[in-house]
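Undergrad: Please find one structure pasted underneath; my questions will follow.
The values are calculated or read from the model by the stated rules, or taken from the named source; none is laboratory data. Remember, it's a predicted structure, so these values are computed and weren't measured experimentally. Here Cβ is always computed from backbone atoms with ideal geometry, including for glycine, and neighbour counts include all displayed protein chains.
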Amino acid sequence: MKTEAAKGLDHIAIAVKDLEAAIRTYRDVLGLELAEVEEVAEQQVKVAIFGHGLGRVELISPTVADSGVARFIEKRGEGLHHICIEVEDIEGTMAGLKANGAPLLDEVPKAGAGGAKVAFVHPKGACGVLIELRQGPKST
Ligand code: ZN
């Protein structure tokens, strides 16, 4: 069984300590267009999103001291945290990955930024990079 084809790279996420300082760097120094800032309670992060559509850059900053992103920064410092693949049918993709032995970190999709459904694949199943699967809300 082959896992269903992905739609493309949705975003890359960079873990940062100070979101305001990181926004100034990405917007004012690197010249990326800041689209929005959003708090994602379920992931315990505040997210700054640059650009629109596929290929966005997200800065993620922990909102609590003992969250996954906070521990990541503590261990490795700021830097690339995950890449996100947009998929058509997240449950179907997760079933395909499971059937192919990929180590999923989530049993069922969770609530992500922008009303999306998300789930994560462990870095050991993707050559050392944490992978987020994302199914965006249906556009009307
Ligand atoms: Zn993400």
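Undergrad: Test each condition in (1) at pLDDT 95 or above; (2) surrounded by 15 or more Cβ atoms within 10 Å (Cβ to Cβ); (3) among the hydroxyl-bearing types (Ser, Thr, Tyr) for Thr25 and report the one that comes out false.
TA: Against the list (1) at pLDDT 95 or above; (2) surrounded by 15 or more Cβ atoms within 10 Å (Cβ to Cβ); (3) among the hydroxyl-bearing types (Ser, Thr, Tyr), Thr25 comes up short only on (2).
Undergrad: Mind listing just one residue for me: the one in region 112-140 that is among the charged types (D, E, K, R) and within 16 Å of the ligand (Cβ to nearest atom) and, of those, surrounded by the fewest Cβ atoms within 10 Å (Cβ to Cβ)?
TA: Our first condition is that a residue be among the charged types (D, E, K, R); within region 112-140, this holds for 117, 124, 132, 134, 138.
With the extra rule that they be within 16 Å of the ligand (Cβ to nearest atom), the set shrinks to 117, 132, 134.
Numbers: Lys117: 18, Glu132: 24, Arg134: 21.
My answer is Lys117.
Undergrad: Tell me which residues, restricted to region 46-55, are under 14 Å from the mean Cα position of the chain (by Cα) and modelled with pLDDT of 95 or more.
TA: Lys46, Val47, Ala48, Ile49, Phe50, listed by residue number.
Undergrad: Right, here's the next one. Going by the conditions given, is Pro109 within 14 Å of Glu42 (Cα to Cα) and modelled with pLDDT of 95 or more?
TA: Spelling it out, Pro109 is indeed within 14 Å of Glu42 (Cα to Cα) and modelled with pLDDT of 95 or more.
Undergrad: So, one more: Which count do you get for residues in region 3-17 that are hydrophobic (A, V, I, L, M, F, W, C), away from the ligand (no atom under 15 Å from the Cβ) and touching a Leu at 6+ places or on another chain (Cβ under 8 Å)? Lay out the reasoning, then the answer.
TA: So the first thing to find is which residues in region 3-17 are hydrophobic (A, V, I, L, M, F, W, C), and the list is 5-6, 9, 12-16.
After this cut, where a residue has to be away from the ligand (no atom under 15 Å from the Cβ) as well, the list is 5.
Okay, now just the ones that are also touching a Leu at 6+ places or on another chain (Cβ under 8 Å), so none.
Going through region 3-17 one residue at a time, the tally reaches 0.
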